[in-house]
1. Out of residues 5 or more away from Glu28 or on other chains, whose amide H comes under 5 Å of its own, with H placed 1.01 Å from N in the peptide plane?
2. Count the DSSP beta bridges whose two residues both fall in the chain, then state the antiparallel fraction as a percent rounded to the nearest 5.
3. From the residues Ala217, Leu56, Ala19, which one has its Cα farthest along the dipole of the chain in the positive direction, the dipole being from +1 and -1 charges on Cβ of Lys/Arg and Asp/Glu about the Cα centre?
4. Of Ile200, Ile36, Gly150, which is farthest towards the positive pole of region 3-246's charge dipole, taken about the Cα centre with +1 and -1 on the beta-carbons of Lys, Arg and Asp, Glu respectively?
5. Springs between alpha-carbon pairs under 10 angstrom, Gaussian network model over the chain: which of Asp214, Asp167, Asp116 fluctuates most?
6. In debye to the nearest 20, how big a dipole does the chain give about its Cα centre with +1 on each Lys and Arg Cβ and -1 on each Asp and Glu Cβ?
7. Among all the aspartates and glutamates, which ones have a C-alpha under 18 Å from Lys232's C-alpha, if same-chain residues fewer than 8 places away are not counted?
8. Quick check on the exposure proxy: order Lys85, Lys43 from fewest to most C-beta atoms within 10 angstrom.
Amino acid sequence: MSIILETKDVHLSYGKKEALHGVNLDFEDNSITALIGPSGCGKSTFLRCLNRMNDLIPNTTITGSFQFHEREIYASTIDLVELRKQIGMVFQQPNPFPFSVYENVTYGLKLTGHSDRKFLDEQVERALKQAAVWDEVKDNLNKSAMSFSGGQQQRICIARLLAVQPDIILLDEPTSALDPISSAQIETTLLELKKEYCIIIVTHNLQQASRIADRTAFMLNGNLVEYDNTSKMFTNPEKQDTSDYLNGKFG
């Protein structure tokens, strides 16, 4: 496996309050990494560093190294639109745009100048198939994406991201607002997508992490406590805090 993204000594402060205290994590291509830990431990904050979403929060200071394809993503020369195309994000609540399914999936492609109808049609079908929602929406591509179920909306959002062919997919608790059947469909989709992408997922659901993640990072109070192969961490964690969290003693 090759490392696609490497972070070193990541500190983040909101004003004077430091929320991340020197996190070191690397991420492999064609794998799923889960970030776990109790609420407020810094996992979503860290995730948002990876495509500079925290830039949108006033009075935020970020230091450390973020090497993506051996380029520093916090360099002043980085094109943020291009970065967020390469490192895309799916949020907790499904957030399709109030357009048709077709317009949702082609949104990013049109932003980058694509207008050829045949090309757009091909990319819509490819992305919706990759997101495992094509069969459910193919006869209703001109219908509002908002009119579908929560699970379908979330997969349409994944397709919208896949249409621009990112390298990394960031997911911030993508199934927490969904029912168990929809959650299982998303998990199945992610296991298929990791054949082509690096996937980094924040999840509160330990069972979900154990089912789909190749590697898991446990965070607590803004620190990285432990990072290992998921099967090893869940059966034989090295740190007492990790063991206590996995056994439900806090969190």
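1. Ile4
2. 60
3. Highest projection toward the positive end goes to Leu56.
4. Toward the positive end, the furthest listed residue is Gly150.
5. Answer for the Gaussian network model of the chain: Asp116.
6. Rounded to the nearest 20 debye, it is 440 debye.
7. Within the straight-line limit of under 18 Å, Lys232 reaches these aspartates and glutamates: Asp26, Glu28, Asp214, Asp241, Asp244.
8. Exposure proxy ranking, most exposed first: Lys85, Lys43.
Every read-out reported here was derived from the displayed coordinates using simple, explicitly stated rules and does not represent laboratory data. Computed from a predicted model, the values in this text were never measured in an experiment. Methodologically, a virtual Cβ is constructed for each residue, glycine included, from the backbone with ideal geometry; neighbour enumeration extends over all protein chains shown.
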